[in-house]
Amino acid sequence: CGNGARCVARFVAERWTGRDRVRIETDAGVKDAEILRDALGAVVGVALEMGAPRLDAAEVPCRGRGPVIDAPLPLPGCGGPLAPRITCVSMGNPHAVLFVEDPATAPVLALGPEIGANPFFPEGVNVEFARVVGPERIEMRVYERGSGETAACGTGACAVVVAAVLTGRIERGRAVAVHMPGGAARVTWRTDDAVVLEGPAVVAFEGAVAF
């Protein structure tokens, strides 16, 4: 979870280490995070290095061969030219990206679970419905495996930018603002292959849990 890792980075930096750089070990490898501050020293966000995207079908995982880029995915009643075209990316978890005319009106709640349950994805998949608005702006909605539609997804925003580059919609190396219903994040797929996810991490509440 890219957004979750950024929140952990802020918590650790403020509560434990006092440092603006944090390394977080995850099931998808060690991620380096940097706390971002304004001129007065206030925290304005966290930048997280997500590592390189995995594009080979076996690593996503999905049942294709090699990279799956803008490929048709047959669904019941949606074969041939009507089949949705997907680009598959792993950012430590699997994503299927569809580029649509307008995410706001896309059939996220219908196609999301149908694609997620497709046997093409043996471990399920997060499904992103995205539109490239300009060279540095993308709009998207996401249907996450096991959760349904969510307000935002950090790894999903990264996968969408990678897919946009792979399909020739944007240039690699640009910082792209990815707008989701829950807010926006900035994603850069750098020329050294690392993807950087940058955005806010805000304290929502504090409490105590009794065991």
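Below is a table of values for the structure above.
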| read-out | value |
| --- | --- |
| Any hit, the range 140-148, residues being free of Cβ contacts under 8 Å to residues at least 24 places away in the same chain, farther than 30 Å from ASP20 by Cα and among the hydroxyl-bearing types (Ser, Thr, Tyr) | yes |
| Matching residues, the range 20-57, being farther than 26 Å from ILE86 by Cβ and either assigned to a helix (DSSP H, G or I) or without any contact (Cβ under 8 Å) to a residue 12 or more places away in the chain (or both) | ARG23, GLU25, VAL30, ASP38, ALA39, LEU40, GLY41, ALA42 |
| Considering residues of the range 118-139 that are of a type outside the set (D, E, K, R) and in contact with a Leu (Cβ under 9 Å, 6 or more places away or on another chain) only, the residue most open to solvent (accessible area, probe 1.4 Å) | PHE120 |
| Among the candidates ALA28, ALA42, residue that is over 19 Å from the mean Cα position of the chain (by Cα), at pLDDT below 90, among the hydrophobic types (A, V, I, L, M, F, W, C) and farther than 16 Å from VAL162 by Cα | ALA42 |
| Total residues in the range 47-78, condition closer than 30 Å to GLY199 by Cα, touching a helix residue (DSSP H, G or I) at 6+ places or on another chain (Cβ under 9 Å) and aliphatic (A, V, I, L, M) | 6 |
| Unique match (being within 19 Å of PHE120 (Cα to Cα), surrounded by 20 or more Cβ atoms within 10 Å (Cβ to Cβ), at pLDDT below 95 and in contact with a Cys (Cβ under 9 Å, 6 or more places away or on another chain)) among PRO94, PRO84 | PRO84 |
| Residues located in the range 96-132, provided they are touching an Asp or Glu at 6+ places or on another chain (Cβ under 6 Å) and among the β-branched types (Val, Ile, Thr) | VAL97, VAL108 |
| Subset tally (residues that are under 13 Å from SER90 (Cβ atoms) and either part of a loop (DSSP other than H, G, I, E, B) or in contact with a His (Cβ under 7 Å, 6 or more places away or on another chain) (or both)) for the range 61-75 | 4 |
| Filtered residue count, the range 147-194, keeping only those that are within 25 Å of ILE115 (Cα to Cα), outside any loop (DSSP other than H, G, I, E, B) and open to solvent by 50 Å² or more (accessible area, probe 1.4 Å) | 3 |
| Inter-residue pairs, beta-carbon under 8 Å, first at positive phi and in the range 166-192, second of a type in the set (A, V, I, L, M, F, W, C) and surrounded by fewer than 18 Cβ atoms within 10 Å (Cβ to Cβ), 6+ apart | GLY183/ALA151 |
| Some residue of the range 152-170 being at pLDDT below 95, out of contact with any strand residue (DSSP E or B) (no Cβ under 9 Å at 6 or more places or on another chain) and over 16 Å from PHE129 (Cβ atoms) | no |
| Condition met for GLU144 (among the acidic types (Asp, Glu), open to solvent by 10 Å² or more (accessible area, probe 1.4 Å) and either at pLDDT below 95 or within 16 Å of the chain's Cα centre (by Cα) (or both)) | yes |
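Yes/no per residue for (1) over 18 Å from the mean Cα position of the chain (by Cα); (2) assigned to a helix (DSSP H, G or I); (3) without any contact (Cβ under 8 Å) to a residue 40 or more places away in the chain:
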site	(1), (2), (3)
THR87	no, no, no
HIS95	no, no, no
ILE115	no, yes, no
PRO119	yes, no, no
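The values are calculated or read from the model by the stated rules, or taken from the named source; none is laboratory data. Because the structure is predicted, anything quoted here is derived from the model rather than measured. Backbone-built Cβ (ideal geometry, glycine too); neighbour counts: all protein chains shown. Each accessible area value is taken on the protein alone, full model and side chains, heavy atoms only, with ligands, DNA and RNA left out. Shrake-Rupley method; radii C 1.70, N 1.55, O 1.52, S 1.80 Å.
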